[in-house]
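Notes for the one structure printed next.
The values are calculated or read from the model by the stated rules, or taken from the named source; none is laboratory data. Just so it is clear, the model here is predicted, and its values are computed rather than measured. Cβ placement follows ideal geometry from the backbone for every residue including glycine, while neighbour counts extend to all protein chains displayed.
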Amino acid sequence: MARDGYVVPVDPQAALKKKTAVSRSWILLDCTGEGTILDVDKYAIMHRVQIHARDLRILDPLLSYPSTILGREKAIVLNLEHIKAIITAEEVFLRDPHDDNVIPIVEELKRRLPPVNARHAQGDRKENQDRHNDAEVSEEDESPFEFRALEVALEAICSFLGARTTELETDAYPALDELTSKISSRNLDRVRKLKSAMTRLTARVQKVRDELEQLLDDDDDMADLYLSRKLAGPSSPVSGSVAPSWIPASPTIASKISRASRASAATIRGDENDVEELEMLLEAYFMQIDGILNKLTTLREYIDDTEDYINIQLDNHRNQLIQLELFLSSGTVCLSIYSLVGGIFGMNIPYTWNDNHGYVFKWVVILTGIVCASLFVLIISYARYKGLVGS
(Lines give C-alpha, C1' and ligand atoms only; values in the text may rest on other atoms or scores of the structure.)
Protein backbone atom coordinates (compact mmCIF):
# COMPACT_ATOMS: atom_id res chain seq x y z
CA MET A 1 0.00 0.00 0.00
CA ALA A 2 1.48 3.30 -1.08
CA ARG A 3 2.04 6.07 1.41
CA ASP A 4 0.02 9.22 1.13
CA GLY A 5 2.11 12.13 -0.15
CA TYR A 6 2.28 15.43 1.63
CA VAL A 7 3.66 18.87 0.80
CA VAL A 8 6.41 20.41 2.90
CA PRO A 9 6.04 24.19 3.20
CA VAL A 10 9.00 26.13 1.84
CA ASP A 11 10.43 29.16 3.59
CA PRO A 12 10.60 31.94 0.96
CA GLN A 13 13.59 33.60 2.64
CA ALA A 14 15.51 30.33 2.80
CA ALA A 15 14.76 29.66 -0.85
CA LEU A 16 15.93 33.15 -1.76
CA LYS A 17 19.17 32.71 0.19
CA LYS A 18 19.80 29.35 -1.48
CA LYS A 19 19.15 30.81 -4.89
CA THR A 20 21.50 33.72 -4.20
CA ALA A 21 24.21 31.38 -2.96
CA VAL A 22 23.95 29.11 -6.00
CA SER A 23 23.68 31.94 -8.54
CA ARG A 24 26.97 32.72 -10.27
CA SER A 25 26.76 35.93 -12.26
CA TRP A 26 29.19 36.93 -14.98
CA ILE A 27 29.51 39.98 -17.17
CA LEU A 28 30.46 39.57 -20.81
CA LEU A 29 32.40 42.41 -22.43
CA ASP A 30 33.07 42.29 -26.14
CA CYS A 31 35.66 44.15 -28.18
CA THR A 32 33.42 47.23 -28.43
CA GLY A 33 33.15 47.53 -24.65
CA GLU A 34 29.50 46.54 -24.51
CA GLY A 35 28.62 44.61 -21.36
CA THR A 36 26.04 41.86 -20.92
CA ILE A 37 25.12 40.30 -17.59
CA LEU A 38 25.05 36.50 -17.77
CA ASP A 39 23.53 34.15 -15.22
CA VAL A 40 24.78 30.80 -16.49
CA ASP A 41 26.23 27.69 -14.92
CA LYS A 42 29.82 26.57 -15.25
CA TYR A 43 29.04 24.06 -18.01
CA ALA A 44 27.82 26.84 -20.30
CA ILE A 45 30.98 28.84 -19.63
CA MET A 46 33.17 25.80 -20.22
CA HIS A 47 31.45 25.07 -23.52
CA ARG A 48 31.65 28.66 -24.68
CA VAL A 49 35.32 29.35 -23.96
CA GLN A 50 36.56 25.76 -24.33
CA ILE A 51 38.35 25.33 -20.99
CA HIS A 52 38.44 22.42 -18.58
CA ALA A 53 36.59 22.18 -15.30
CA ARG A 54 39.85 22.38 -13.35
CA ASP A 55 40.54 25.76 -14.95
CA LEU A 56 37.09 27.06 -14.08
CA ARG A 57 37.49 25.73 -10.55
CA ILE A 58 40.31 28.23 -10.04
CA LEU A 59 37.77 31.04 -10.48
CA ASP A 60 35.33 29.66 -7.93
CA PRO A 61 34.94 32.31 -5.17
CA LEU A 62 34.02 29.59 -2.67
CA LEU A 63 37.45 27.99 -3.09
CA SER A 64 40.74 29.54 -2.06
CA TYR A 65 43.24 29.46 -4.92
CA PRO A 66 46.37 31.63 -5.18
CA SER A 67 46.82 34.20 -7.91
CA THR A 68 47.20 32.47 -11.26
CA ILE A 69 47.51 33.43 -14.94
CA LEU A 70 46.99 30.45 -17.22
CA GLY A 71 47.25 30.44 -21.00
CA ARG A 72 45.00 27.97 -22.75
CA GLU A 73 44.36 27.22 -26.40
CA LYS A 74 41.55 29.75 -26.81
CA ALA A 75 41.40 31.62 -23.50
CA ILE A 76 43.38 33.15 -20.66
CA VAL A 77 42.25 32.12 -17.19
CA LEU A 78 42.94 34.98 -14.80
CA ASN A 79 42.70 34.74 -11.03
CA LEU A 80 44.16 37.81 -9.33
CA GLU A 81 42.68 38.31 -5.86
CA HIS A 82 39.12 39.59 -6.51
CA ILE A 83 39.65 39.69 -10.29
CA LYS A 84 38.42 36.40 -11.67
CA ALA A 85 38.14 36.54 -15.43
CA ILE A 86 38.33 34.54 -18.62
CA ILE A 87 39.81 36.42 -21.57
CA THR A 88 39.37 35.26 -25.14
CA ALA A 89 40.50 36.90 -28.36
CA GLU A 90 37.21 38.82 -28.60
CA GLU A 91 35.47 38.67 -25.20
CA VAL A 92 36.08 39.05 -21.51
CA PHE A 93 34.09 37.09 -18.92
CA LEU A 94 34.33 38.70 -15.49
CA ARG A 95 32.85 37.06 -12.41
CA ASP A 96 30.78 38.92 -9.78
CA PRO A 97 30.33 42.20 -11.68
CA HIS A 98 28.31 43.72 -8.81
CA ASP A 99 31.15 43.43 -6.31
CA ASP A 100 32.41 46.80 -5.09
CA ASN A 101 35.99 45.96 -6.07
CA VAL A 102 34.98 44.67 -9.50
CA ILE A 103 32.74 47.57 -10.58
CA PRO A 104 35.68 49.95 -11.28
CA ILE A 105 37.34 47.21 -13.34
CA VAL A 106 34.21 46.79 -15.43
CA GLU A 107 34.09 50.53 -16.09
CA GLU A 108 37.76 50.58 -17.02
CA LEU A 109 37.32 47.62 -19.36
CA LYS A 110 34.42 49.38 -21.09
CA ARG A 111 36.65 52.39 -21.57
CA ARG A 112 39.83 50.61 -22.62
CA LEU A 113 38.64 47.61 -24.62
CA PRO A 114 37.41 49.50 -27.70
CA PRO A 115 40.24 50.50 -30.06
CA VAL A 116 41.45 54.08 -29.84
CA ASN A 117 39.82 55.15 -33.07
CA ALA A 118 36.58 53.46 -32.10
CA ARG A 119 36.55 55.45 -28.85
CA HIS A 120 36.99 58.70 -30.73
CA ALA A 121 34.19 57.73 -33.09
CA GLN A 122 31.60 56.92 -30.42
CA GLY A 123 30.32 60.49 -30.28
CA ASP A 124 29.90 60.73 -34.04
CA ARG A 125 28.69 57.43 -35.50
CA LYS A 126 27.38 59.03 -38.68
CA GLU A 127 30.79 59.86 -40.13
CA ASN A 128 31.44 59.00 -43.74
CA GLN A 129 32.67 55.59 -44.77
CA ASP A 130 36.12 56.81 -45.74
CA ARG A 131 36.93 58.00 -42.23
CA HIS A 132 35.57 54.73 -40.83
CA ASN A 133 37.85 52.75 -43.13
CA ASP A 134 40.81 54.90 -42.12
CA ALA A 135 40.05 54.15 -38.47
CA GLU A 136 39.96 50.42 -39.17
CA VAL A 137 43.24 50.56 -41.04
CA SER A 138 44.94 52.35 -38.17
CA GLU A 139 43.73 49.69 -35.75
CA GLU A 140 46.58 47.45 -36.72
CA ASP A 141 48.78 49.64 -34.54
CA GLU A 142 46.63 48.66 -31.57
CA SER A 143 47.62 46.00 -29.07
CA PRO A 144 45.68 42.73 -29.34
CA PHE A 145 42.38 42.61 -27.53
CA GLU A 146 43.52 40.10 -24.94
CA PHE A 147 46.52 42.25 -24.03
CA ARG A 148 44.35 45.30 -23.45
CA ALA A 149 42.10 43.26 -21.16
CA LEU A 150 45.09 41.73 -19.39
CA GLU A 151 46.63 45.15 -18.92
CA VAL A 152 43.46 46.46 -17.26
CA ALA A 153 43.45 43.50 -14.88
CA LEU A 154 47.13 43.88 -14.01
CA GLU A 155 46.77 47.62 -13.55
CA ALA A 156 43.76 47.10 -11.29
CA ILE A 157 45.48 44.49 -9.10
CA CYS A 158 48.62 46.63 -8.82
CA SER A 159 46.52 49.65 -7.81
CA PHE A 160 44.54 47.54 -5.33
CA LEU A 161 47.61 46.03 -3.67
CA GLY A 162 49.39 49.37 -3.73
CA ALA A 163 46.44 51.05 -1.98
CA ARG A 164 46.34 48.31 0.66
CA THR A 165 50.09 48.73 1.21
CA THR A 166 49.75 52.51 1.56
CA GLU A 167 46.95 52.10 4.09
CA LEU A 168 49.03 49.61 6.05
CA GLU A 169 52.03 51.94 6.06
CA THR A 170 49.87 54.84 7.19
CA ASP A 171 48.65 52.83 10.18
CA ALA A 172 51.83 50.91 10.97
CA TYR A 173 54.53 53.58 11.23
CA PRO A 174 52.69 55.78 13.79
CA ALA A 175 51.73 52.69 15.79
CA LEU A 176 55.34 51.50 15.87
CA ASP A 177 56.59 54.94 16.93
CA GLU A 178 53.98 55.07 19.67
CA LEU A 179 54.96 51.60 20.85
CA THR A 180 58.61 52.68 20.96
CA SER A 181 57.78 55.63 23.20
CA LYS A 182 55.33 53.75 25.43
CA ILE A 183 55.15 49.98 25.79
CA SER A 184 51.62 49.02 26.77
CA SER A 185 49.23 46.14 26.19
CA ARG A 186 47.09 48.29 23.90
CA ASN A 187 50.01 49.32 21.69
CA LEU A 188 51.37 45.77 21.60
CA ASP A 189 48.01 44.36 20.52
CA ARG A 190 47.67 47.05 17.85
CA VAL A 191 51.10 46.28 16.42
CA ARG A 192 50.38 42.55 16.54
CA LYS A 193 47.28 43.02 14.39
CA LEU A 194 49.17 45.22 11.95
CA LYS A 195 51.96 42.67 11.67
CA SER A 196 49.45 39.91 10.95
CA ALA A 197 47.83 42.04 8.24
CA MET A 198 51.27 42.81 6.78
CA THR A 199 52.16 39.11 6.68
CA ARG A 200 48.96 38.24 4.82
CA LEU A 201 49.36 41.12 2.38
CA THR A 202 52.99 40.22 1.75
CA ALA A 203 52.00 36.66 0.89
CA ARG A 204 49.38 37.93 -1.59
CA VAL A 205 51.79 40.35 -3.24
CA GLN A 206 54.51 37.71 -3.33
CA LYS A 207 52.20 35.27 -5.14
CA VAL A 208 51.31 37.82 -7.82
CA ARG A 209 54.98 38.66 -8.25
CA ASP A 210 55.96 34.99 -8.51
CA GLU A 211 53.26 34.40 -11.11
CA LEU A 212 54.47 37.29 -13.27
CA GLU A 213 58.08 36.20 -12.83
CA GLN A 214 57.20 32.66 -13.86
CA LEU A 215 55.55 33.97 -17.03
CA LEU A 216 58.49 36.21 -17.84
CA ASP A 217 60.92 33.32 -17.45
CA ASP A 218 59.08 31.05 -19.90
CA ASP A 219 58.63 32.16 -23.51
CA ASP A 220 56.29 29.26 -24.23
CA ASP A 221 53.88 30.35 -21.49
CA MET A 222 53.91 33.89 -22.85
CA ALA A 223 53.34 32.61 -26.38
CA ASP A 224 50.24 30.78 -25.14
CA LEU A 225 48.72 34.16 -24.22
CA TYR A 226 48.77 35.37 -27.84
CA LEU A 227 45.15 34.46 -28.54
CA SER A 228 44.76 36.81 -31.50
CA ARG A 229 47.73 35.15 -33.19
CA LYS A 230 46.08 31.75 -32.73
CA LEU A 231 42.73 33.10 -33.95
CA ALA A 232 44.28 34.68 -37.03
CA GLY A 233 46.05 31.44 -37.97
CA PRO A 234 42.95 29.55 -39.17
CA SER A 235 41.64 32.68 -40.87
CA SER A 236 44.61 32.94 -43.23
CA PRO A 237 43.97 32.77 -47.00
CA VAL A 238 45.17 29.17 -47.06
CA SER A 239 42.71 27.83 -44.54
CA GLY A 240 39.86 30.18 -45.26
CA SER A 241 38.12 32.72 -43.06
CA VAL A 242 35.49 30.51 -41.45
CA ALA A 243 34.76 31.39 -37.83
CA PRO A 244 35.78 28.76 -35.30
CA SER A 245 32.99 26.61 -33.95
CA TRP A 246 33.61 27.63 -30.36
CA ILE A 247 32.67 31.26 -31.07
CA PRO A 248 28.91 31.94 -30.87
CA ALA A 249 27.22 32.90 -34.07
CA SER A 250 27.12 36.68 -34.51
CA PRO A 251 26.44 39.02 -37.45
CA THR A 252 29.72 40.80 -36.80
CA ILE A 253 31.91 37.80 -36.14
CA ALA A 254 33.73 38.14 -39.43
CA SER A 255 34.64 41.74 -38.72
CA LYS A 256 35.75 40.76 -35.21
CA ILE A 257 38.07 38.09 -36.52
CA SER A 258 39.39 40.47 -39.13
CA ARG A 259 40.00 43.12 -36.48
CA ALA A 260 41.80 40.60 -34.27
CA SER A 261 43.91 39.57 -37.24
CA ARG A 262 44.88 43.17 -37.91
CA ALA A 263 45.58 43.79 -34.22
CA SER A 264 48.17 41.02 -34.17
CA ALA A 265 49.46 41.59 -37.69
CA ALA A 266 52.77 42.95 -36.47
CA THR A 267 53.54 39.83 -34.48
CA ILE A 268 52.17 37.43 -37.10
CA ARG A 269 54.40 38.86 -39.79
CA GLY A 270 57.39 38.15 -37.55
CA ASP A 271 58.48 35.13 -35.61
CA GLU A 272 55.65 33.17 -34.05
CA ASN A 273 57.71 32.82 -30.88
CA ASP A 274 58.26 36.58 -30.62
CA VAL A 275 56.86 37.62 -27.24
CA GLU A 276 58.51 41.00 -26.92
CA GLU A 277 55.23 42.93 -26.78
CA LEU A 278 53.80 40.82 -23.95
CA GLU A 279 57.16 40.71 -22.21
CA MET A 280 57.28 44.51 -22.08
CA LEU A 281 53.73 44.60 -20.73
CA LEU A 282 54.40 42.05 -18.00
CA GLU A 283 57.75 43.59 -17.15
CA ALA A 284 56.15 46.96 -16.43
CA TYR A 285 53.66 45.54 -13.94
CA PHE A 286 56.25 43.17 -12.53
CA MET A 287 58.29 46.23 -11.58
CA GLN A 288 55.23 47.76 -9.90
CA ILE A 289 54.52 44.61 -7.92
CA ASP A 290 58.19 44.32 -7.01
CA GLY A 291 58.12 47.92 -5.77
CA ILE A 292 55.08 47.15 -3.60
CA LEU A 293 56.86 44.09 -2.23
CA ASN A 294 59.92 46.21 -1.45
CA LYS A 295 57.71 48.61 0.54
CA LEU A 296 56.33 45.70 2.54
CA THR A 297 59.85 44.36 3.06
CA THR A 298 60.95 47.76 4.35
CA LEU A 299 57.96 47.82 6.68
CA ARG A 300 58.82 44.33 7.93
CA GLU A 301 62.39 45.41 8.60
CA TYR A 302 61.10 48.45 10.51
CA ILE A 303 58.87 46.18 12.58
CA ASP A 304 61.80 43.84 13.25
CA ASP A 305 63.97 46.78 14.29
CA THR A 306 61.22 48.01 16.59
CA GLU A 307 60.90 44.54 18.11
CA ASP A 308 64.66 44.43 18.68
CA TYR A 309 64.56 47.85 20.31
CA ILE A 310 61.68 46.81 22.55
CA ASN A 311 63.48 43.60 23.49
CA ILE A 312 66.55 45.65 24.41
CA GLN A 313 64.38 47.90 26.57
CA LEU A 314 62.77 44.91 28.23
CA ASP A 315 66.18 43.33 28.84
CA ASN A 316 67.37 46.57 30.38
CA HIS A 317 64.35 46.70 32.67
CA ARG A 318 64.89 43.06 33.54
CA ASN A 319 68.50 43.76 34.42
CA GLN A 320 67.43 46.65 36.62
CA LEU A 321 65.05 44.35 38.43
CA ILE A 322 67.84 41.81 38.88
CA GLN A 323 70.08 44.54 40.30
CA LEU A 324 67.36 45.61 42.70
CA GLU A 325 66.81 42.02 43.74
CA LEU A 326 70.55 41.61 44.31
CA PHE A 327 70.70 44.74 46.46
CA LEU A 328 67.74 43.63 48.51
CA SER A 329 69.06 40.10 48.92
CA SER A 330 72.51 41.33 49.99
CA GLY A 331 71.00 43.79 52.44
CA THR A 332 68.72 41.09 53.82
CA VAL A 333 71.67 38.74 54.43
CA CYS A 334 73.69 41.42 56.20
CA LEU A 335 70.75 42.51 58.34
CA SER A 336 70.05 38.87 59.19
CA ILE A 337 73.61 38.43 60.47
CA TYR A 338 73.37 41.65 62.48
CA SER A 339 70.01 40.59 63.92
CA LEU A 340 71.38 37.14 64.75
CA VAL A 341 74.30 38.51 66.74
CA GLY A 342 72.11 41.04 68.49
CA GLY A 343 69.55 38.39 69.27
CA ILE A 344 72.11 36.04 70.74
CA PHE A 345 73.52 38.66 73.07
CA GLY A 346 70.11 40.01 73.93
CA MET A 347 68.73 36.73 75.24
CA ASN A 348 68.17 36.40 78.98
CA ILE A 349 70.73 33.64 79.50
CA PRO A 350 73.14 33.85 82.40
CA TYR A 351 76.82 34.08 81.39
CA THR A 352 79.56 34.37 83.98
CA TRP A 353 81.67 36.57 81.69
CA ASN A 354 78.75 38.95 81.14
CA ASP A 355 78.61 40.03 84.77
CA ASN A 356 79.55 43.68 85.20
CA HIS A 357 80.73 43.85 81.54
CA GLY A 358 77.86 45.68 79.81
CA TYR A 359 80.25 47.60 77.57
CA VAL A 360 81.11 44.34 75.78
CA PHE A 361 77.63 44.07 74.27
CA LYS A 362 77.91 47.60 72.92
CA TRP A 363 81.19 46.95 71.12
CA VAL A 364 79.96 43.62 69.78
CA VAL A 365 76.98 45.34 68.22
CA ILE A 366 79.15 48.07 66.70
CA LEU A 367 81.66 45.62 65.28
CA THR A 368 78.88 43.43 63.91
CA GLY A 369 77.40 46.42 62.11
CA ILE A 370 80.78 47.30 60.59
CA VAL A 371 81.31 43.73 59.45
CA CYS A 372 77.81 43.51 57.88
CA ALA A 373 78.28 46.81 56.04
CA SER A 374 81.68 45.64 54.75
CA LEU A 375 80.12 42.37 53.66
CA PHE A 376 77.41 44.24 51.75
CA VAL A 377 79.99 46.41 49.98
CA LEU A 378 82.05 43.34 49.17
CA ILE A 379 79.05 41.53 47.61
CA ILE A 380 78.11 44.52 45.46
CA SER A 381 81.73 45.02 44.35
CA TYR A 382 81.99 41.37 43.35
CA ALA A 383 78.73 41.59 41.41
CA ARG A 384 79.96 44.64 39.51
CA TYR A 385 83.28 42.93 38.82
CA LYS A 386 81.41 39.98 37.29
CA GLY A 387 79.17 42.33 35.32
CA LEU A 388 76.00 41.33 37.11
CA VAL A 389 75.11 44.93 37.91
CA GLY A 390 75.86 48.24 36.26
CA SER A 391 78.45 50.64 37.53
Based on what the data block shows, is LEU296 at pLDDT 75 or above, closer than 30 Å to ARG229 by Cα and aliphatic (A, V, I, L, M)?
no
For THR36: the one exception among (1) in contact (Cβ under 8 Å) with a residue 12 or more places away in the chain; (2) in contact with a strand residue (DSSP E or B) (Cβ under 6 Å, 6 or more places away or on another chain); (3) not small (Gly, Ala, Ser)
(1)
Just the residues that are under 21 Å from HIS47 (Cβ atoms) and surrounded by 15 or more Cβ atoms within 10 Å (Cβ to Cβ), please, taken from region 63-80.
LEU70, GLY71, ARG72, LYS74, ALA75, ILE76, VAL77, LEU78, ASN79
Does region 159-176 include one or more residues that are in a helix (DSSP H, G or I), over 19 Å from the mean Cα position of the chain (by Cα), more than 29 Å from LEU109 (Cβ to Cβ) and not aliphatic (A, V, I, L, M)?
yes
Kindly indicate whether any position in region 9-25 is crowded, with 16+ Cβ neighbours inside 10 Å and at pLDDT below 90.
yes
Whichever residue in region 41-62 is outside any helix (DSSP H, G or I) and surrounded by 15 or more Cβ atoms within 10 Å (Cβ to Cβ) and, among such residues, is farthest from the chain's Cα centre (by Cα):
GLN50
Restricting the first residue to region 69-94 and requiring it to be over 15 Å from ARG148 (Cα atoms), which pairs with a second residue that is in a loop (DSSP other than H, G, I, E, B) and charged (D, E, K, R) meet a Cβ separation below 7 Å and a spacing of at least six or different chains?
GLY71/ASP224; HIS82/ASP99
Quick check: is even one residue across region 245-253 crowded, with 19+ Cβ neighbours inside 10 Å and modelled with pLDDT of 90 or more?
no
Whether any residue in region 190-205 is at pLDDT 50 or above and under 27 Å from VAL92 (Cα atoms) is what I want to check.
yes
Does VAL371 satisfy being modelled with pLDDT under 85 and buried (at least 16 other Cβ atoms within 10 Å of the Cβ)?
no
Pick out the one residue from LEU324, LEU328, LEU281, LEU335 that is crowded, with 16+ Cβ neighbours inside 10 Å, at pLDDT 80 or above and assigned to a helix (DSSP H, G or I).
LEU281
